[in-house]
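Heads up, the thing below is written out as structure tokens.
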């Protein structure tokens, strides 16, 4: 068995400078390509164990606000804060009632007086903007109807681990043109990857997101042709029926027939190609167990990287803040 060298441990004096201090992170475009590079480098360093023993967020707290159910987002933000020396408090929608029991602006004004950051996993992107507009602390998008930027940080960390770089690599997203598709477009704009989004007619990603990326010079293609997966470096899919779309389930299942990722589809990728899925998987719809367990699958490595990528994001947003107590 090969013995790996021990990681070079960082100290409080050798930590990289936080790049995003005090900012909101509502979209991947809230950072520059250089800042994305810094966050991904930090995530890789954390995964190598180089941050073991340092507690840069000691004395800081993060509120985790959930309108939607969560496994990966809740666990990784909570564990991430703990590992960095901070504290996370989980607030369910039953406890807060965003916009119903209390105005979103009032929730924001309360939280900013108690905690040092807010992560929201919500239905509407507008809710996150309201939180950010009324709270003078970092607000992080843990998922909305429009975007899922923290997921894409973990995804591109996984791509770099497997392929060395995302720049110039051909990423194919297949399925619903939803929040994941929109955030993939933003990441193509930031990273220089070549993105093809394959959807049925009528399920394309947000037109404004697409036009913004094209105007910025991103290599983004929309198509209905499943042949786009041939030779791809990365194949990515997501559920056909997101939380809140249950009433459309039958219509969506019919529309997405033929878009299921199977082991046979994975054999059409480049020899080094990988398969990613943000999870949870609705097996029998957008994919099957034999695909997530296929040799080309990196689905569970990708899930692990939620922890490392989000820890890196938390450090760069909050690492220069001082405990107020």
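It is to be established whether one or more residues within the range 56-71 are assigned by TED's automatic domain parsing to the domain that holds residue 136, under 25 Å from residue 162 (Cβ atoms) and not in a loop (DSSP other than H, G, I, E, B). Walk me through it before giving the result.
So in the range 56-71, the residues assigned by TED's automatic domain parsing to the domain that holds residue 136 come out as 56-71.
Then keep just the ones that are under 25 Å from residue 162 (Cβ atoms); that gives 71.
Among the residues that remain, those that are also not in a loop (DSSP other than H, G, I, E, B) are: none.
Checked the range 56-71: no residue is assigned by TED's automatic domain parsing to the domain that holds residue 136, under 25 Å from residue 162 (Cβ atoms) and not in a loop (DSSP other than H, G, I, E, B).
For the range 223-325, please list each of the helices (runs of 4 or more DSSP H) lying entirely inside it that holds at least 3 residues being modelled with pLDDT of 95 or more and surrounded by 19 or more Cβ atoms within 10 Å (Cβ to Cβ).
299-318
Applying the selection to the range 187-197, what residues are buried (at least 24 other Cβ atoms within 10 Å of the Cβ) and either part of a loop (DSSP other than H, G, I, E, B) or in contact (Cβ under 8 Å) with a residue 60 or more places away in the chain (or both)?
Result: 187, 191, 193.
Quick check: is even one residue across the range 97-107 touching a strand residue (DSSP E or B) at 6+ places or on another chain (Cβ under 9 Å), without any contact (Cβ under 8 Å) to a residue 40 or more places away in the chain and not in a loop (DSSP other than H, G, I, E, B)? Quick ask: steps written out before the conclusion?
Our first condition is that a residue be touching a strand residue (DSSP E or B) at 6+ places or on another chain (Cβ under 9 Å); within the range 97-107, this holds for 98, 104, 107.
Then keep just the ones that are without any contact (Cβ under 8 Å) to a residue 40 or more places away in the chain; that gives 98, 104.
Next, from what is left, pick out any that are not in a loop (DSSP other than H, G, I, E, B): 98, 104.
Yes - at least one qualifying residue is present in the range 97-107.
Restricting the search to the range 108-137, which residues are loosely packed, with under 15 Cβ neighbours inside 10 Å and not in a helix (DSSP H, G or I)?
113, 114, 136 - these are the residues of the range 108-137 that are loosely packed, with under 15 Cβ neighbours inside 10 Å and not in a helix (DSSP H, G or I).
Test residue 154 against the stated conditions and say whether it is in the same structural domain as residue 255 (by TED's automatic domain parsing), under 20 Å from the mean Cα position of the chain (by Cα) and free of Cβ contacts under 8 Å to residues at least 40 places away in the same chain. Can you show your working first?
Numbers: in the same structural domain as residue 255 (by TED's automatic domain parsing): yes; under 20 Å from the mean Cα position of the chain (by Cα): yes; free of Cβ contacts under 8 Å to residues at least 40 places away in the same chain: no.
Judged against the criteria, residue 154 is not a match.
Inspect the range 163-182 for any residue being buried (at least 24 other Cβ atoms within 10 Å of the Cβ), in a helix (DSSP H, G or I), in contact with a helix residue (DSSP H, G or I) (Cβ under 6 Å, 6 or more places away or on another chain) and in contact (Cβ under 8 Å) with a residue 12 or more places away in the chain and give the result as yes or no.
Yes, the range 163-182 contains a residue that is buried (at least 24 other Cβ atoms within 10 Å of the Cβ), in a helix (DSSP H, G or I), in contact with a helix residue (DSSP H, G or I) (Cβ under 6 Å, 6 or more places away or on another chain) and in contact (Cβ under 8 Å) with a residue 12 or more places away in the chain.
With respect to residue 80, is the statement that it is out of contact with any strand residue (DSSP E or B) (no Cβ under 6 Å at 6 or more places or on another chain), on the phi > 0 side of the Ramachandran plot, at pLDDT 95 or above and not in a strand (DSSP E or B) true? Outline the logic, then answer.
Working: out of contact with any strand residue (DSSP E or B) (no Cβ under 6 Å at 6 or more places or on another chain): yes; on the phi > 0 side of the Ramachandran plot: no; at pLDDT 95 or above: yes; not in a strand (DSSP E or B): yes.
Here the answer is no, as residue 80 does not meet what is asked.
I need the full set of residues from the range 196-207 which are within 20 Å of the chain's Cα centre (by Cα) and over 16 Å from residue 227 (Cβ atoms), in order please.
204, 205, 206
The values are calculated or read from the model by the stated rules, or taken from the named source; none is laboratory data. All values derive from a computational prediction rather than experimental measurement. Please note: Cβ atoms are built from the backbone with ideal geometry, for glycine as well, and neighbour counts cover all protein chains shown.
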